[in-house]
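The values are calculated or read from the model by the stated rules, or taken from the named source; none is laboratory data. As the structure is a prediction and not an experimental result, all values here were calculated from the model. For neighbour counting, all protein chains shown are included, and Cβ atoms are generated from backbone atoms with ideal geometry for every residue, glycine included. When the accessible area is computed, the model is the full protein with side chains, heavy atoms only, and any ligands, DNA or RNA have been set aside. Shrake-Rupley method; radii C 1.70, N 1.55, O 1.52, S 1.80 Å.
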Amino acid sequence: MSHKLILNTGFMVNRFNDYEKFFSLLKSVNIDNIQLTVSLFNYNLNNKDYFKQIDNFKKKSFINNIKVSSIFTDSFTRLNHLSNINKNISDFWYEKFKIFIKTASILEAENFGSHLGIVDMNVSKKIQSNILTKTIKKWTKLSNFALKCGLKSLSWEPMSVGREFGETIYKTKKINNLLNQNSSLPIKICLDVDHGDKQKNYYNANPYNWIQELAKHSYCLHLKQVKKNYHSSHLCFTKKNNKSGIIKANKIINILETLNLNNMNLVLEHSFKERSSVENNLISDLKESIKYWKDNI
């Protein structure tokens, strides 16, 4: 097997603006492959100053032997972006996504990903369908740009409510087929083990069903420990969390093997509250989580 263990850097964006300390933390937890979240950089700077940041980061990533597998949006850019009914706002974020794709290219990442878009609460199904159609067109245009930039794929993340798209396995398959009808390169799925509408039915509430049915269409798996009836915790895979958690590394690896998928990107997507008691254990919890997965792959 050649699965890659990768660390999503979303938890780092409000903790480090010094790249040396950023890379020092990665070394301390024994990881050398990251899914880099865009808010680490100030993307509201003018292009010249923005890309100076990227060039500086690239030099330091080489020096520290850190590979950037993919670029991803995060909690600060998880906005009503490409699906915004205001065309000016939607177009604004389309241009930002192009900058993120170019960033991925410069850092020699193979993939850029985000959630598909967001629709306002309580809109009609007809309006939601129309917005989805327009959003897919924008992703298709982004695939053209990504191909020119040398990326191998784009990825979108199914969410947990209908207005954020892909809340069931069936709908995720349908949307993914639509995305790839006219795309210039593969648009794959970022499959999160804690997403999906848990209220729809039991089948969609089971993360292993998602992996079984959708892993073959996926660029990566977003992994965190999950407890029953306690969602969006983004917990580390510590011994304490694993006792009551439902995500088992060996079970996921076995499913991937039965699907003949031997080179999956396994992305640890952890989150830490801004509390002293949490931050004091951040490095040790990360180390334990990374070791747990390395021991299983």
Report, ordered by the first and then the second residue, all pairs with beta carbons closer than 8 Å, sequence separation of six or more or different chains, a first member in region 166-193 that is within 15 Å of Ser129 (Cβ to Cβ), and a second member that is part of a loop (DSSP other than H, G, I, E, B) and among the charged types (D, E, K, R).
Glu167/Asp197; Glu167/Lys200
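Test Lys251 against the criterion of being at pLDDT 95 or above, open to solvent by 10 Å² or more (accessible area, probe 1.4 Å) and closer than 20 Å to Ser143 by Cβ, and give yes or no.
Values: at pLDDT 95 or above: yes; open to solvent by 10 Å² or more (accessible area, probe 1.4 Å): yes; closer than 20 Å to Ser143 by Cβ: no.
No: the conditions fail for Lys251.
Take the conditions surrounded by fewer than 22 Cβ atoms within 10 Å (Cβ to Cβ) and modelled with pLDDT of 95 or more and apply them to Lys198. Does it pass?
Working: surrounded by fewer than 22 Cβ atoms within 10 Å (Cβ to Cβ): yes; modelled with pLDDT of 95 or more: no.
No.
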For region 103-113, indicate whether the set of residues that are modelled with pLDDT of 90 or more, within 15 Å of Met159 (Cβ to Cβ) and either open to solvent by 40 Å² or more (accessible area, probe 1.4 Å) or not charged (D, E, K, R) (or both) is non-empty.
yes
Which members of region 27-39 meet the condition of being more than 21 Å from Trp156 (Cα to Cα) and touching a strand residue (DSSP E or B) at 6+ places or on another chain (Cβ under 7 Å)?
Ile31, Asp32
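Only one residue in Asn241, Asn229, Asn204 is modelled with pLDDT under 95 and open to solvent by 60 Å² or more (accessible area, probe 1.4 Å), so which one is that?
On the way: Asn241 fails: open to solvent by 60 Å² or more (accessible area, probe 1.4 Å); Asn204 fails: open to solvent by 60 Å² or more (accessible area, probe 1.4 Å).
None of the others qualify; the one that does is Asn229.
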Search region 150-170 for residues being modelled with pLDDT of 95 or more and crowded, with 17+ Cβ neighbours inside 10 Å, and hand back the single one that is nearest to Ala205 (Cα to Cα).
Trp156
Which residues, taken from region 171-190, are farther than 16 Å from Asn206 by Cα and open to solvent by less than 20 Å² (accessible area, probe 1.4 Å)?
Ile175, Asn176, Leu179, Leu185, Ile187, Ile189, Cys190
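Restricting to region 259-273, give me the number of residues that are farther than 22 Å from Phe72 by Cα and within 21 Å of the chain's Cα centre (by Cα). Let's see the steps before the verdict.
Applying the first criterion (farther than 22 Å from Phe72 by Cα) to region 259-273 yields 259-262.
Checking the rest, the ones that are also within 21 Å of the chain's Cα centre (by Cα) come to 261-262.
Count: 2.
Can you tell me which residue within region 64-98, out of those that are aliphatic (A, V, I, L, M) and over 24 Å from Asn265 (Cβ atoms), is farthest from the chain's Cα centre (by Cα)? Please lay out each step first, then the result.
Let us first name the residues in region 64-98 that are aliphatic (A, V, I, L, M), namely 66, 68, 71, 79, 82, 85, 89.
Those still in the list that are over 24 Å from Asn265 (Cβ atoms) too: 79, 85, 89.
Details: Leu79: 14, Ile85: 24, Ile89: 22 Å.
Result: Ile85.
For every residue, the table says whether it meets (1) among the polar types (S, T, N, Q); (2) free of Cβ contacts under 8 Å to residues at least 24 places away in the same chain; (3) outside any loop (DSSP other than H, G, I, E, B).
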site: Leu7; (1), (2), (3): no, no, yes
site: Phe22; (1), (2), (3): no, yes, yes
site: Leu36; (1), (2), (3): no, no, yes
site: Ser39; (1), (2), (3): yes, no, yes
site: Tyr50; (1), (2), (3): no, no, yes
site: Lys58; (1), (2), (3): no, no, yes
site: Asn65; (1), (2), (3): yes, no, no
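Sort out which residues of region 67-92 are open to solvent by 50 Å² or more (accessible area, probe 1.4 Å) and either charged (D, E, K, R) or in a helix (DSSP H, G or I) (or both), and write them in order of number.
Of everything in region 67-92, those that are open to solvent by 50 Å² or more (accessible area, probe 1.4 Å) and either charged (D, E, K, R) or in a helix (DSSP H, G or I) (or both) turn out to be Lys67, Arg78, Lys87, Asn88, Ile89, Phe92.
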Only one of Ser69, Ser75 that is among the polar types (S, T, N, Q) and touching a strand residue (DSSP E or B) at 6+ places or on another chain (Cβ under 6 Å):
Ser69
Which condition does His270 not pass, out of (1) open to solvent by 30 Å² or more (accessible area, probe 1.4 Å); (2) under 19 Å from Val29 (Cβ atoms); (3) part of a loop (DSSP other than H, G, I, E, B), if it passes all the others?
(1)
